[in-house]
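Undergrad: Here it is: the structure, laid out below.
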Amino acid sequence: MKTYIASPANVERKWYVIDAEGQTLGRLASVVAQILKGKNKTVYTPYLDLGDNVIIVNAEKIKVTGKKLDQKIYFSHSKYAGGTTETSLREMLEKKPCDVVTHAVKGMLPKGPLGRQMIEKLHVYAGPEHKNQAQKPEVLVLK
């Protein structure tokens, strides 16, 4: 028998829509990261991007547990002296709810060129509408 090696050209990519309303941030991010990696497929190969495209709607209605809204801090730096800015999760959800979900998923993907290629297949929208209707995405219901 010969070993089957998957190639990105032979893989059929699907589109999924996930409604984030009422979902816990970390649990949602781990499921989405697995889909983006392609771990839900039988031909999964760690060093290839074989994953599917994911659309997340209602990112502004995500929930977190505990005191994370006030205690979780996002850091950014302008690369100038004293250029550190800190933003709490509560402020991020008010200003940029899409970035909260994208940041959580990105942290669960591989680092480097492969991870950057995978994160491009993630489309996050703050409200219930999205502009990817032409791809005919399947609705994926999480537990």
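Undergrad: Order the following by accessible area, largest value first: T42, T85. Probe radius 1.4 Å; ligands, DNA and RNA are ignored.
TA: Descending accessible area places them as T42, T85.
Undergrad: Right, another one. Sequence-distant or interchain residues sharing an amide H contact under 5 Å with I56, placed H: which?
TA: I18, H123, V124, Y125
Undergrad: HN-Hα J couplings of the stretch 6-12 from phi, Karplus 6.51/-1.76/1.60, θ = phi - 60°, integer Hz, Gly and Pro as x?
TA: For the stretch 6-12, the Karplus curve yields 6, 10, x, 6, 8, 8, 8 Hz.
Undergrad: Shifting gears a bit: Antiparallel DSSP bridges in the chain: what percent, to the nearest 5?
TA: Roughly 30 percent of the beta bridges in the chain run antiparallel, per DSSP.
Undergrad: Helix 25-37 versus the longest principal axis of the chain: what angle, 0 to 90°, nearest 10, using Cα atoms?
TA: The angle comes out at about 30 degrees.
Undergrad: Take the chain, compute every pairwise Cα distance, and split them into 10 Å bins from 0; I just need the percent in each bin.
TA: The calculated distribution, bin by bin, is 11, 37, 32, 15, 4, 1, 0.
Undergrad: Leaving ligands, DNA and RNA out of it, rank D52, D99 by accessible area with a 1.4 Å probe, largest first.
TA: These residues rank, largest area first, as D99, D52.
Undergrad: Round to the nearest 10 and give me the degree value, 0 to 90, for the angle of helix 97-106's Cα axis relative to the longest principal axis of the chain.
TA: 50
Undergrad: Another question, if that's okay. Given Cβ point charges of +1 (Lys, Arg) and -1 (Asp, Glu) and nothing else, what value in debye, to the nearest 20, does the dipole of the chain about its Cα centre take?
TA: 400
Undergrad: Next up: For the stretch 1-51 and the stretch 53-67, what is the separation of their C-alpha centers, rounded to whole Å?
TA: So the two Cα centres are separated by 19 Å.
Undergrad: Given a 1.4 angstrom probe, I'd like the percentage of the accessible area of the chain that is carbon and sulfur, rounded to a whole number.
TA: Ligands and nucleic acids excluded, carbon and sulfur reach 53 percent.
Undergrad: Can you tally the net charge around G51? Count Lys and Arg as +1, Asp and Glu as -1, for every other residue whose Cβ sits under 12 Å from the Cβ of G51.
TA: +2
Undergrad: Please find, in a Gaussian network model of the chain (springs between Cα atoms separated by less than 10 Å), the residue of K72, K61, K14 whose mean-square fluctuation is greatest.
TA: K72
Undergrad: Further question on the same structure: Under a 1.4 Å probe, what is the accessible area of the chain per residue, stated in Å²?
TA: 65
The values are calculated or read from the model by the stated rules, or taken from the named source; none is laboratory data. Source: prediction; values computed, not measured. All Cβ positions, glycine included, derive from the backbone under ideal geometry; neighbour counts span all protein chains shown. Each accessible area value is taken on the protein alone, full model and side chains, heavy atoms only, with ligands, DNA and RNA left out. Shrake-Rupley method; radii C 1.70, N 1.55, O 1.52, S 1.80 Å.
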